[in-house]
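Some notes on the structure that comes next.
The values are calculated or read from the model by the stated rules, or taken from the named source; none is laboratory data. These numbers come from a predicted model, not from an experiment. Cβ atoms come from the backbone with ideal geometry, glycine included; neighbour counts cover every protein chain shown. Just the protein is used for accessible areas: all its heavy atoms, side chains included, with ligands, DNA and RNA removed. Shrake-Rupley method; radii C 1.70, N 1.55, O 1.52, S 1.80 Å.
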Amino acid sequence: MRLLGNLLWLILGGFCMGLAWWVFGIIAFVSIVGIPWGRACFVIGLFSFLPFGKEAIARNELTWKEDIGTGPLGLIGNIIWFVFCGLWLAIGHLFSALVCFITIIGIPFGLQHLKLAGIAIAPIGKTIVSKEVAWAARATNARAVLAGKRGHT
């Protein structure tokens, strides 16, 4: 089912939006200062090409560790990202979602575009994993919070 979803996805805007992520990634790499953003563009661009069966999750939710992308510098990076690239990618995903919502069969694809629009707004500090890994990380975190071993994040 994931294979069929991903194939239909490529036709319904996924290919164009994946390329858009990669174009922004190339621009970021050329600027040298933007290499961290460029890396995120390529990771999320690959996710944008084949999103079914995968999910974006905050790295600190997955690893229980703060890093440069999940702390205050990540917030600053996401603000810079939003101004230069994020807004435009989010608009592209929103437009693609509206086009997909025209037909009944396109609704799940439109919803996926909306998820990617959210990721486009603030991608720093996120990683892409399988849905099973994301579910397991969230379940482990929930058990830890209930046991009082970890504060709310």
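Okay, here's what the table says:
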{"read-out": "Among residues of segment 79-122, those that are within 21 Å of Trp37 (Cβ to Cβ) and either touching a strand residue (DSSP E or B) at 6+ places or on another chain (Cβ under 8 Å) or polar (S, T, N, Q) (or both), counted", "value": "2"}
{"read-out": "Contacts under 7 angstrom Cβ, first residue in segment 33-44 being farther than 19 Å from Phe15 by Cα and polar (S, T, N, Q), partner open to solvent by 70 Å² or more (accessible area, probe 1.4 Å) and modelled with pLDDT of 90 or more, 6 or more apart", "value": "none"}
{"read-out": "Among (1) farther than 30 Å from Leu8 by Cα; (2) open to solvent by less than 50 Å² (accessible area, probe 1.4 Å); (3) of a type outside the set (Asp, Glu), the one test that Gly125 misses", "value": "(1)"}
{"read-out": "Condition broken by Glu55, with the remaining ones in (1) open to solvent by 60 Å² or more (accessible area, probe 1.4 Å); (2) not in a helix (DSSP H, G or I) satisfied", "value": "(1)"}
{"read-out": "Filter result (open to solvent by 100 Å² or more (accessible area, probe 1.4 Å) and under 13 Å from His113 (Cα atoms)) within segment 12-34", "value": "Phe15"}
{"read-out": "Test: residue in segment 70-78 that is in contact with a strand residue (DSSP E or B) (Cβ under 8 Å, 6 or more places away or on another chain) and either open to solvent by 90 Å² or more (accessible area, probe 1.4 Å) or not acidic (Asp, Glu) (or both)", "value": "yes"}
{"read-out": "Those helices (runs of 4 or more DSSP H) lying entirely in segment 1-52 with at least 2 residues in contact with a Pro (Cβ under 6 Å, 6 or more places away or on another chain)", "value": "35-49"}
